[in-house]
Amino acid sequence: MKRGAIMLMLAIGGGLIGCRKEKKDKQGDMGHGVVTTVEVYLVQGSDTVKGRYKDPDGVGGRPPSVDTLRPKVNTFYRYSLRVLNESGNPVQDLTQTIIEQQKNTHRFFLLPIPEDTMFLKVEGEDRDDYNRLVSSRGTWRQGTTIPPEGGIRIILRHYLDPSDKEGGLDRGTSDIDVKIPIRPRL
C-alpha cells in the first residue's frame, strides 16, 4: 500500500511538472500576432532592393498587395526579412519577437521559383540556441538566367516543440506562406 501511494504521488508530481513546463513553453512562444506582411531587403553596397507582400485583412478579403523584387542579374546580396501585423492600429513589427525571443520555434524558408541555382541561390545564416537555422537573414545570389515567371516563396514555419524544427517543412504549421515575383534587371 505504501509503495502504491508513493508511485501515485510520483505520477501526480511528474504530471504537474510536465504541465508547468508545457504551459511555460507555450507562454514563451505566444507573443506574436498574425503575420500579414513580409518585407524582403537585399543590400549590396549602395544598392538596396525591397519587395513586400501585404495582406492586412487576411485570406478571403481584398487581394494582397505584392511588390516585385528587382535585383541586378549576377549580383551577390545580403538579405534580411521583416514581418509585420498590419491588421490593426498600431501596426506591430513582429520581427524581433520571432527572430530573437521565439527563434527556437520558428524558421523561415526561402524557396526560389524555379528551383534553379542559375536563377537564384539563397542561404540563411542566423541560428537559434540549438544551432539550427532561423534564416531571417543571409546571402542571396541573383544568377544569370531570367525566367518569365521567377519568384521567391517565403514560408515562416512555427513549431510547437523546438525539436520539431529538425523536420523542416514536414513539421509545424505555417504562420505565413507567400510568393513574391522577381524580375531581375541587367
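Measuring from label point to label point, each 7 Å out along Cα→Cβ, what is the D164 to R132 span in nm?
Taking the simple label geometry, D164 and R132 are separated by 1.0 nm.
Mind listing the phi-derived Karplus ³J(HN,Hα) values for segment 98-109, rounded to whole Hz, using 6.51, -1.76 and 1.60 with θ = phi - 60°, and x for any glycine or proline?
Per-residue couplings from phi come out as 6, 8, 10, 6, 10, 5, 6, 10, 9, 8, 8, 10 Hz.
Suppose the chain between V43 and E123 were pulled fully straight at 0.36 nm per residue; how much longer would it get relative to their current alpha carbon spacing? All intermediate terms of the calculation are to be shown ahead of the outcome.
Values: separation 80, 0.36 × 80 = 28.80 nm, distance 1.46 nm.
Length gained between V43 and E123: 27.3 nm.
In whole angstrom, note down how far apart the Cα centers of segment 121-186 and segment 33-75 are.
First find each Cα centre; the distance between them is then 13 Å.
Test of understanding: ordering T75, T36 by Cβ neighbours within 10 Å, fewest first, what list do you get? Display every interim value, and only then the final one.
On the way: T75 17, T36 22.
Ranking T75, T36 by Cβ neighbours within 10 Å, fewest first, gives T75, T36.
Once fully extended, how much extra length lies between D67 and R153, figured as 0.36 nm per residue of separation less the alpha-carbon to alpha-carbon distance?
Working: separation 86, 0.36 × 86 = 30.96 nm, distance 1.33 nm.
Gain in length upon complete extension: 29.6 nm.
Determine the gain in length on full extension of the stretch E100-K179; use 0.36 nm per residue of separation and subtract their C-alpha separation, reporting nm with one decimal. List each step's numbers first, then the result.
Numbers: separation 79, 0.36 × 79 = 28.44 nm, distance 2.44 nm.
Gain on stretching E100 to K179: 26.0 nm.
For a quick check: sort S46, S136, S87 by the number of other beta carbons within 10 angstrom, fewest at the front. Don't skip to the end; give the middle numbers.
Details: S46 5, S136 24, S87 17.
Fewest-to-most Cβ neighbours within 10 Å comes out as S46, S87, S136.
Can you tell me the Rg and the Dmax, both Å, for the Cα atoms in segment 34-181?
15.1, 42
For a quick check of your reading of the filter: which GluC sites (Glu not before Pro) in segment 77-186 sit in a DSSP loop and have no more than 15 other Cβ atoms within 10 Å?
Working: sites: E86, E100, E115, E123, E125, E149, E166; in loops: E86, E115, E125, E149.
In loop regions of segment 77-186 (DSSP not H, G, I, E or B), the sparsely surrounded GluC sites (Glu not before Pro) are E115, E125, E149.
Values quoted throughout were computed directly from the atomic coordinates according to the rules given, and no laboratory measurement underlies them. Source: prediction; values computed, not measured. Virtual Cβ from ideal backbone geometry, glycine too; neighbours counted across all protein chains shown.
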